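Below is one structure, written out as structure tokens, with a few remarks after it.
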Amino acid sequence: MEANRMDELGIEDLNPTFLFTWKGTRMGTEENYHSHDFPEIAFVLSGAGKYRIEDVIVPVQEGDLLIINPGIRHQALNGVNHEITTTEFFVAFTDIQFKGYPANFFPVKDGEHIIHTTGELRQKLFKICSSMEAENAVCRQGRYFMLKAYLIQMILLVIREQCEQPLSLKGYAFESANKKYVVEQMVNYFEDHYSEKISLDRIAGNMYLSPFYISKIFKSETGDTPIRHLINIRLEKAKELLESGAENSIQEIAASVGYDDAYHFSKLFKKRYGITPSQARKKM
């Protein structure tokens, strides 16, 4: 089907059979140059690499979506020095049928195998992959149907992206909305876990984003760095404890807001409020 006919793509009954998911980091070239009898979607979560697809070498990077249809020979490649790795999330399925295409064929505009995602689509795919990974890790009731539901969302998002896009509302910025969502998630996490050891790397990893990226958008949206925001939350919580008349020691109060070092905590507190924690308690 020609590219301009993608807009006519019919989805009368979307009821795929979910087969499996796999997430991994490529540490070397995939052993076999192979094909499957079912369609497969691979989303590049991070890094960069290359694929051999039907004897053509194509580069891939974070945010790229690979559509591997049945019978398409493919092989993940890795550089000799292995300095740059690729982390991918695979979803395999069967029993799909699109109007004008063979059974189990996933249409891609212009017959390509790679879709370069950006903005809202990329963030939604990151979120779906994260949800599927979490669901796949536990054996809860209805697990298969949850995974199937996420798969259907992924398929529909990719199909919509390739069809003609409706005009967006004037002034609505999808990229800005995505940034606000990420910042909102980070702020909520800080509020709920300020008393724990918090790693920006871990937060970024859970979102399938880089620490540099989330720090950058956090500052652009709030005017503050994530670490500074977390420190402010911790100091405010400590101040509330001190002003409430709590009899805990300074060491205990420091520990309750995430600091093992009471001296370091006291220095941060004085820098923020102009008085030491002990002086704040005496003011009561």
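Excluding ligands, DNA and RNA, what is the solvent-accessible area per residue of the chain at a probe of 1.4 Å, expressed in Å²?
Numbers: 16130 Å² over 284 residues.
Spelled out: the 1.4 Å probe surface of the chain, per residue, equals 57 Å².
Mind giving me the FRET efficiency for Lys99 and Thr25? R0 is 45 Å, r the Cβ-Cβ distance, nearest 0.05 is fine. Could you put the intermediate results ahead of the total?
Values: r = 38 Å, r/R0 = 0.84.
So, using R0 = 45 Å, E works out to roughly 0.75.
How many nm separate the modelled label positions at Phe212 and Glu112, each set 7 Å beyond the Cα in the direction of the Cβ?
Spacing of the two 7 Å Cα→Cβ label points: 2.5 nm.
Ignoring any ligand, DNA or RNA, what whole percent of the accessible area of the chain comes from carbon and sulfur when the probe is 1.4 angstrom?
Values: 8160 of 16130 Å².
Carbon with sulfur: 51 percent of the solvent-accessible area.
Between Arg160, Arg52, Arg140, find the one with the highest GNM mean-square fluctuation for the chain; connect C-alpha pairs within less than 10 Å.
Arg140
Quickly estimate the mean residue ellipticity at 222 nm for the chain, helices only: each DSSP H run with n ≥ 4 gives -39500 (n - 2.57), and the total goes over all residues, rounded to 500. Working shown, then result.
Details: 9 runs with 120 residues, N = 284.
Counting only the DSSP helices, I get -13500 deg cm²/dmol.
Evaluate the distance, in nm, between pseudo-label points positioned 7 Å from the Cα of Leu14 and of His264 along their respective Cα→Cβ axes.
Reported label-point gap for Leu14 and His264 is 4.8 nm.
In what sequence, highest mean first, do 14-26, 229-241 appear when ranked by Cβ atoms within 10 angstrom?
Order by mean packing, descending: 229-241, 14-26.
The values are calculated or read from the model by the stated rules, or taken from the named source; none is laboratory data. Since we're looking at a predicted model, the values are computed, not measured. Neighbour counts run over all protein chains shown; Cβ positions are idealised from the backbone, glycine included. Surface areas here come from the heavy atoms of the whole protein model, side chains and all, with no ligands, DNA or RNA. Shrake-Rupley method; radii C 1.70, N 1.55, O 1.52, S 1.80 Å.
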